[in-house]
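Undergrad: This is the structure, below, for whatever I ask next.
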Amino acid sequence: MICLGIESTAHTFGIGIVTDKGKVLANVKDVFTTKTGGIVPAKAAEHHAAVCDEVVKKALETAKLKIEDIDLIAFSQSPGLGHTLRIGAFAARDLSLIYKKPLVGVNHCIAHLEIGRLLTDAKDPVLLYVSGANTQIIAYDAGKYRVFGESLDGGVGNFLDTFARELGLGFPGGPRIAELAGKGKEFIELPYSVKGMDISLGGLLTNLKQKLKSGKYRKEDLAYSIQETVFAMLLEVSERAMAHCGKEELLLGGGVACNTRLQEMAKKMCEERKSKCFVLENQFNVDNGAMIAWLGIVMHKAGIKTRIEDSEIKPYERTDDVKVTWR
Ligand code: ATP
Ligand code: FE2
C-alpha cells in the first residue's frame, strides 16, 4: 500500500509518498516565505493553492509513480491555520473523489511523533515538539497522546522569529539567531520561566527588547544567552515529563529541533539520566508531507477512514482530543 500525504497547517505545502513498509519515496515541499513581517494566513493559502499541482507532480516524479498507483490519501486535518488547512483538505478531497481512493485526516502534532517512531529506534518516546506555532511535550499514556507540558504563550520558533525581527534579521529567525549565537562569548542572565510543567516566553521577550534598546549588550551575546536559557527551560520540562511518565526515550521534533545546540543539550540531559535521545534528519523535523502520509498508513491499518462528509478541517483540535486506537 502506498499513501500520499498532504501537509498544509502553516507556511509549508508538502507532499509525501510513503509505503506501508515505511519507505519514504518522496518528501517534497514548497514553503511560503516573506521578506519582512510574519505570515498572513490568506496569502499563505494563496501560495498553497498556486503550488499544489506542481508539488504533487514533483512528488510523484520523485517516487516514479502515477497518481493511479496511490492507494490512500492522507491530509493534515488539524491543528493549524484555517486558511491553509482548507487548501490541503480541498486537494485531498479532490484526489480522493476523482481517483476513488480512501481518505484519512490526521493530526499534525501526532504525525511528528509517529514519523519519529518510524525513522528512529524510539519505541515509546517523550516528544519535545518545538516548532513555530507549537511547543509541547507529548507522550503516549492510556489510549491518547497527552500533552505533559507546553508554552503558556507562543511557540519557541515564533519567539525566535519575533526577536530576530527586532534585530532586523528577517524570517525565519531561528537559524539566524543560531548563527549569531555561535559568535556569542558572554552569558547574559535572562528571565527563566518554568511554571510546573509549562514554560512562558512573554516576559523574556519584553526583557530582551529592553536590553536591546539599552544598547549595552552585544547581539551575539544576547542570541547565545537566549538559546542557553530557552533550551534549558525546554529540557527541564522534558526531563520532568520523562521522569513522571517513566519513559527512557526523548525524541526531538519541529523546526526548532534542527538547532544543533538544542540537540547537543538534549543528548547531554539524556546521557545524564541514562536515557536515549533521538534526532531526525532536518527534512522530517520541519513540517513535511511524509509524516502525514505515514500517520495515514498507520491509522488506515487500524481501520480508520475519514468520510468526505467528516473531512472538515479542525484548526483547534488538541493532541489529546484524538483517540489513539493504533497502539
Ligand atoms: P507548526 O505548524 O508545526 O507550528 P511551523 O509552520 O512553525 O510548524 P516548522 O517548519 O516546524 O514550521 O518550524 C519553523 C520554525 O523553526 C521557525 O520558527 C524557525 O525559526 C525555526 N527554526 C528552523 N531552523 C532552526 C534552527 N536551526 N534553530 C532554531 N530554530 C529554527
Ligand atoms: Fe509542525
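The values are calculated or read from the model by the stated rules, or taken from the named source; none is laboratory data. This structure is a prediction, so every number in the text was calculated from the model and none was measured. So basically every Cβ, Gly included, is an ideal-geometry build from the backbone, and we count neighbours across all protein chains shown. These accessible areas exclude ligands, DNA and RNA; they are computed on the full protein's heavy atoms, side chains included. Shrake-Rupley method; radii C 1.70, N 1.55, O 1.52, S 1.80 Å.
Undergrad: Have a look at ILE297, ILE304, ILE292 and point out the one that is in contact (Cβ under 8 Å) with a residue 24 or more places away in the chain, part of a loop (DSSP other than H, G, I, E, B) and of a type in the set (Val, Ile, Thr).
TA: Values: ILE297 fails: part of a loop (DSSP other than H, G, I, E, B); ILE292 fails: part of a loop (DSSP other than H, G, I, E, B).
Among ILE297, ILE304, ILE292, only ILE304 is in contact (Cβ under 8 Å) with a residue 24 or more places away in the chain, part of a loop (DSSP other than H, G, I, E, B) and of a type in the set (Val, Ile, Thr).
Undergrad: Can you find even one residue in the stretch 88-101 that is modelled with pLDDT of 95 or more and under 19 Å from ASN134 (Cβ atoms)? It would help to see each step written out before you state the result.
TA: Step one: filter the stretch 88-101 for residues modelled with pLDDT of 95 or more, giving 88-101.
Still in the running and under 19 Å from ASN134 (Cβ atoms): 88.
For the stretch 88-101, residues modelled with pLDDT of 95 or more and under 19 Å from ASN134 (Cβ atoms): present.
Undergrad: Among the residues of the stretch 121-131, write down those that are more than 8 Å from ligand 2 (Cβ to nearest atom) and either closer than 13 Å to VAL237 by Cα or crowded, with 24+ Cβ neighbours inside 10 Å (or both). Lay out the reasoning, then the answer.
TA: From the stretch 121-131, those more than 8 Å from ligand 2 (Cβ to nearest atom) are 121-128, 130; that's our starting set.
Hits for the stretch 121-131 are PRO125, VAL126, LEU127, LEU128, VAL130.
For (1) modelled with pLDDT under 95; (2) more than 16 Å from ligand 2 (Cβ to nearest atom); (3) over 30 Å from ARG165 (Cβ atoms); (4) open to solvent by 10 Å² or more (accessible area, probe 1.4 Å), each residue gets a yes or a no:
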| site | (1), (2), (3), (4) |
| --- | --- |
| VAL28 | no, yes, no, yes |
| GLY37 | yes, yes, no, yes |
| ALA42 | no, yes, no, yes |
| THR62 | no, yes, yes, yes |
| LEU72 | no, yes, yes, no |
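Undergrad: Condition (residue is more than 11 Å from ligand 1 (Cβ to nearest atom) and in contact with a Cys (Cβ under 9 Å, 6 or more places away or on another chain)) applied to the stretch 179-191: is it met by at least one residue?
TA: No, the stretch 179-191 contains no residue that is more than 11 Å from ligand 1 (Cβ to nearest atom) and in contact with a Cys (Cβ under 9 Å, 6 or more places away or on another chain).
Undergrad: Please enumerate the residues belonging to the stretch 7-26 that are away from ligand 2 (no atom under 14 Å from the Cβ), assigned to a strand (DSSP E or B) and in contact with a helix residue (DSSP H, G or I) (Cβ under 7 Å, 6 or more places away or on another chain).
TA: Taking the stretch 7-26 first, the residues away from ligand 2 (no atom under 14 Å from the Cβ) are 15, 17-26.
Applying the additional criterion that residues be assigned to a strand (DSSP E or B) yields 15, 17-19, 24-26.
Correct list: ILE15, ILE17, VAL18, VAL24, LEU25, ALA26.
Undergrad: Which residues, counting only those in the stretch 96-119, are surrounded by fewer than 19 Cβ atoms within 10 Å (Cβ to Cβ) and either outside the structural domain of GLU68 (by TED's automatic domain parsing) or of a type in the set (Gly, Ala, Ser) (or both)?
TA: LEU119
Undergrad: Here is a further query. Cβ-Cβ under 6 Å, sequence separation 6+ or interchain: first residue in the stretch 116-137 and within 12 Å of ligand 1 (Cβ to nearest atom), partner among the aromatic types (Phe, Trp, Tyr). Which pairs?
TA: Taking only residues 6 or more apart or on different chains, the pairs are GLN136/TYR129.
Undergrad: Tell me, yes or no, whether the stretch 83-93 has at least one residue that is near ligand 1 (Cβ under 10 Å from one of its atoms), in a helix (DSSP H, G or I) and within 17 Å of VAL324 (Cα to Cα).
TA: no
Undergrad: Report every pair of residues separated by at least 6 positions or lying on different chains whose Cβ atoms are under 9 Å apart, first residue within the stretch 195-222 and more than 21 Å from LEU128 (Cα to Cα), second at pLDDT below 95 and among the small types (Gly, Ala, Ser).
TA: LEU205/GLY154
Undergrad: Hey, another quick one. In the list VAL230, VAL256, VAL298, which residue meets the criterion of being β-branched (Val, Ile, Thr) and outside the structural domain of THR206 (by TED's automatic domain parsing)?
TA: Details: VAL230 fails: outside the structural domain of THR206 (by TED's automatic domain parsing); VAL256 fails: outside the structural domain of THR206 (by TED's automatic domain parsing).
Among VAL230, VAL256, VAL298, only VAL298 is β-branched (Val, Ile, Thr) and outside the structural domain of THR206 (by TED's automatic domain parsing).
Undergrad: Among residues belonging to the stretch 136-171 that are in contact with a Phe, Trp or Tyr (Cβ under 7 Å, 6 or more places away or on another chain) and part of a strand (DSSP E or B), point out the one that is farthest from ligand 2 (Cβ to nearest atom).
TA: ALA139
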